[in-house]
1. Right, residue 176: surrounded by 15 or more Cβ atoms within 10 Å (Cβ to Cβ), within 22 Å of residue 76 (Cβ to Cβ) and assigned by TED's automatic domain parsing to the domain that holds residue 227 or not?
2. For the stretch 65-136, which fully contained strands (runs of 3 or more DSSP E) count at least 2 residues that are farther than 23 Å from residue 199 by Cα?
3. Consider residue 159 against the criteria (1) surrounded by fewer than 11 Cβ atoms within 10 Å (Cβ to Cβ); (2) within 16 Å of residue 211 (Cα to Cα): it satisfies all of them except one. Which criterion is unmet?
4. Looking at 222, 226, 232, can you tell me which residue is surrounded by 14 or more Cβ atoms within 10 Å (Cβ to Cβ), within 27 Å of residue 74 (Cβ to Cβ) and in contact with a helix residue (DSSP H, G or I) (Cβ under 8 Å, 6 or more places away or on another chain)?
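The values are calculated or read from the model by the stated rules, or taken from the named source; none is laboratory data. This structure is a prediction, so every number in the text was calculated from the model and none was measured. Every residue, glycine as well, gets a Cβ built from its backbone with ideal geometry; the counts of neighbours run over all protein chains shown.
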């Protein structure tokens with residue numbers, strides 16, 4: 001074999017070895033690991049970015065849960081935040097992780113996270129109370145993540161609030177009492193009842209909450225108490241109280 005041909009073959013051989021070493025180094029060190037959002041069908045996915053280790057492909061068409069009608073209420077150094085979470089999809093309930101982000105003069109000072117079950121086409125409400133807030137405190141609500149679960153339409157919860165009464169004491173105390181009914185076929189745990197005190201012009205003053213477990217078809221009484229405040233005596237109209245009830249699990 002001519003000497004020059006040998007040199008070419010040896011060069012090609014060593015070049016292939018170096019190329020293989022470089023590829024292994026790149027694949028293990030520099031190439032991004034496959035994810036469920038890389039727009040590629042890899043890591044055992046059924047379709048691009050779904051199936052296998054990723055979310056089922058049938059969930060890709062679902063609309064996101066949104067946080068709406070955020071109400072921010074201050075009472076002295078206490079802050080109450082109430083927001084409505086809406087799931088516009090049929091056949092799937094959402095287990096939502098949310099964050100309430102508190103800021104003061106545009107700087108984040110505190111954050112609170114929680115989870116909430118939001119049933120199909122049935123809004124749920126989140127409630128967060130924070131103490132020791134300064135006068136410039138504000139808050140925003142964000143949906144961090146959503147886990148979807150198939151849900152039988154026949155097992156949708158149905159909760160109804162009966163007659164309620166708001167009692168405002170001369171000492172600044174406030175108590176809301178009433179009843180809530182489980183009209184569904186299954187018992188409900190952690191039914192949340194939120195009461196929002198309002199002025200005569202329906203401006204929200206403050207909110208508080210309680211929880212009840214309610215058997216199927218049963219009615220339970222509830223009591224929502226508030227911290228004492230002279231603002232209740234001066235501003236609140238008991239006839240304007242808003243009461244929200246939604247199912248937990």
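1. Yes: the conditions hold for residue 176.
2. Ranges flagged: 66-75, 78-86, 92-104, 107-118.
3. Every listed condition holds for residue 159 apart from (1).
4. 226
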